[in-house]
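Below is one structure, written out as structure tokens, with a few remarks after it.
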Amino acid sequence: VNHPEGRGAAGRAVSVIMPVKNCARFLGAAIGSVLDQASPPREIVVVDGGSTDDSVSIARSYPRVRVVARAKLFLEPGSAIPPGFRAELLEGDHIAHIMETLLARRTAFDLVGGFDTRLSTAEDVDWFSRARDLGVRGGIVDRVLVYKRVHDGNLSLTDAASSRNLLEVVKRSLDRRRGQRR
Amino acid sequence: VSEPLAFRIDDPKVVHEVFDDEVVIINLETGVYYSVACLAADVWTSIGESEDLIRDLAARYRRPAADVEAVIRPFLDRLVDEGLIVPDLRADGDPPPRAGAGRAATPAPAFETPVLHKYSDMQELLLLDPIHEVDDVGWPVRPNELGSGRRKDPA
């Protein structure tokens, strides 16, 4: 299916934002897979979190890729936008955020609030558990739409705080349901 | 009382953290999580620390070992069934720590039946980042990715 340049099936402009840190060995394949989509995005923004390998130069070798260097990014409405981002990219009416395989409507962020930026990992689990506790309903599309590469550098596998963050998120959820604040 | 009971937490698939008077435990393979408090939390935090759980808990709670075993054994069996702990079969070991030592002046804590609270409502969320044996090739590997180098943007 051919859609107008940079627009998805619904005719909306799509920008792909790709957080990267020391991913030179996989970055080319990841960018290539985005460009190979039936509806390529308007742009790809690679947000580099301080790579010391060739990630930045690889990203810059693609004309349609913009690189924002040395930034930490939480993608959500109202979050601080690093220099180089156009604010309107993140403020569409419908889909506000995409995390790997999960989409959330902007109205859900209005209800649930943003991500807890103190969590280096598991901030998505925290957000979804808060959404669920507030009665936000979700659905599962029973099709494989995205492949996620799991490798030995995944932050969720290598961050020493990862398990502790998950446990903290679970504890908060337990306390919410018991009517305690945490 | 039968032979000494010693277990270890089945890490890294099981992670746990003490929060005030509660211990939260997650089985990362199943996405099921658990909460324990009071005696159950005491038993949990003694696992891996004690080479004879029954003896040490009996000393701490000042109860006959047979009474302690009657209460603790089913709880330990449940932890094993849930895949949280495994028997620790170390034949040789350091001298066992005396968990009850030094507490003689304080009153024995309440000895109530330990409870394992089990929750499976966050499985989909907790399994978002699956545990895999991963190496520098990554997972999954699809055949058409092997050997393909960087490609230029056709635009």
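The values are calculated or read from the model by the stated rules, or taken from the named source; none is laboratory data. Nothing here was measured: the structure is a model prediction, and the numbers come from that model. Quick reminder, even Gly has a Cβ in these numbers, built from the backbone with ideal geometry, and neighbours come from all protein chains shown.
General observations
- For the stretch A:117-141, the set of residues classified as at pLDDT 85 or above, surrounded by fewer than 19 Cβ atoms within 10 Å (Cβ to Cβ) and among the charged types (D, E, K, R) consists of A:ARG132, A:ASP133, listed by residue number.
- Residue match in the stretch A:22-37 (condition: farther than 30 Å from A:ARG137 by Cβ, at pLDDT 85 or above and either more than 11 Å from chain B (Cβ to nearest Cβ) or in contact with a Leu (Cβ under 8 Å, 6 or more places away or on another chain) (or both)): yes
- Criterion: modelled with pLDDT of 70 or more and either under 24 Å from A:ASP124 (Cα atoms) or not in a helix (DSSP H, G or I) (or both) - qualifying residue of A:PRO63, A:PRO83: A:PRO63
- Residues located in the stretch B:49-92, provided they are assigned to a loop (DSSP other than H, G, I, E, B) and loosely packed, with under 13 Cβ neighbours inside 10 Å: B:PRO64, B:LEU89, B:ARG90, B:ALA91, B:ASP92
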